[in-house]
Amino acid sequence: MSRKRRVAVLGATGTVGQRFISLLAGHPWFEISALTTSERNVGKRYGDVAHWLVPGGVPEAVADVKLEPTRSELDADICFSALPPDAASEAEAALAKAGHHVFSNVKTHRMDDDVPLIIAEVNPEHAKALEVQRRRRGWTGSIVTNGNCSAIGFALAAAPLHKSFGIERVVVTTLQALSGASYPGVASLDALDNVVPFIAEEEEKMEQETKKFLGAWNGQRFVPAEFVFSAHCNRVSVRDGHTDTVSMSLRGSPSVAEVKERMREFRGRPQELALPTAPKRPIIVREERDRPQPLIDRDVEGGMAAVVGRVQEDAVLGIRYVVLTHNTIRGAAGASVLNAELLQAEGCLP
Ligand code: NAP
């Protein structure tokens, strides 16, 4: 690529905004040209106001950048959105109308009829919906979303099983990290020594978004995948990394060995194209009886892989396993950067 594309991070001071900045620092195709904030920090220096939590400190290239309001005149081709939902509702469509390509982490447009919800390895063909989106809405830009952090982790590991065999029924129980609740998130006195068995809207999002990821684009609309899905979502006292325990029934009742093989051999367009943020192995299957664990496994492949373990026969549904993903990287900023690399490489971002 001869010239780097100019990118903005919307909601740059937050948990996901910081991950975007750390992934984009030194990116071979993209350079940060704008960082946005709510009104209270407009005009301030990024390094002075960001309560930086990512290891390694604020990248030098952004420490002196002056924060801007989120408005459609931003100097950027691509906008990575880590906005709160109310701010995203106002800003993302206006930016797309003004010609920006928005890659959003926010729930606002995920389930829209003409907005692709993409995991780059799983359903890259859903990007074809952008033609309909631009035509219907009269936009020169676009909106592409990535999913809820636990839906991405679950769907990435389940994708090869759905493609090879077909999922019939699933029960998934999540153990979700505190950073998934934004900053400062769950109060320490609620989080420490505790499990909170409720996360607002999470169980619904997991079901709807998983079925959109694993469903089809028929040229006019998204057709959700059909299977029976039940999720229990829990907040646990882990800093980063969502763990899901999964039991599922698959058509043809494949063996444990076949399930592991399909997961291990799974590759997608990001691997074929050797995209800069693509993990070499999107799914890593471990054999140890006590893995994956967030503390040890969340950063493998730069936080972009789903780490699976304990693949076994399940007496009720047939197959069970545990899957771990880094929620702010694979479940948020990293997934979005990979989507932008994919669409850039496929020529979808004029
Ligand atoms: P967060 O830590 O609360 O960060 C959001 C940031 O947006 C805040 O730092 C706020 O800071 C800024 N902001 C507020 N209004 C703004 C505006 N009008 N323009 C620009 N910036 C504005 O939340 P987060 O965890 O990063 O999540 C961001 C979005 O990603 C949410 O919609 C969330 O649901 C989604 N998401 C989060 C995760 C996760 O694991 N955390 C995963 C997937 C998706 P200032 O006031 O300093 O500007």
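The values are calculated or read from the model by the stated rules, or taken from the named source; none is laboratory data. As the structure is a computational prediction, the values presented were derived from the model and not from experiment. With ideal geometry, Cβ positions are generated from the backbone for all residues, glycine too; neighbour counts draw on all protein chains shown. What goes into the accessible areas is simple: the full protein's heavy atoms, side chains included, and nothing from ligands, DNA or RNA. Shrake-Rupley method; radii C 1.70, N 1.55, O 1.52, S 1.80 Å.
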Out of (1) within 16 Å of the ligand (Cβ to nearest atom); (2) farther than 29 Å from ASP77 by Cβ, the odd one out for ALA157 is which?
-> (1)
In segment 1-108, which strands (runs of 3 or more DSSP E) lie fully inside it and hold 1 or more residues that are open to solvent by 50 Å² or more (accessible area, probe 1.4 Å)?
-> 5-10, 30-37
All-but-one check, LYS97 against (1) among the basic types (Lys, Arg); (2) more than 14 Å from the ligand (Cβ to nearest atom); (3) under 23 Å from ARG330 (Cα atoms), failing number (3)
Can you run down the residue pairs with Cβ atoms below 9 Å, 6 or more apart or on separate chains, where the first is in segment 22-50 and closer than 18 Å to GLU73 by Cβ and the partner is within 11 Å of the ligand (Cβ to nearest atom) and among the charged types (D, E, K, R)?
-> ALA34/GLU68; LEU35/GLU68; THR36/GLU68; THR36/ARG71; THR37/LYS44; THR37/GLU68; VAL42/GLU68; GLY43/GLU68
Unique residue being away from the ligand (no atom under 14 Å from the Cβ), surrounded by fewer than 19 Cβ atoms within 10 Å (Cβ to Cβ) and β-branched (Val, Ile, Thr) when the list is VAL122, VAL132, VAL115 | VAL132
Residue count, segment 145-167, condition more than 25 Å from PHE103 (Cβ to Cβ) and buried (at least 16 other Cβ atoms within 10 Å of the Cβ), comes to 4
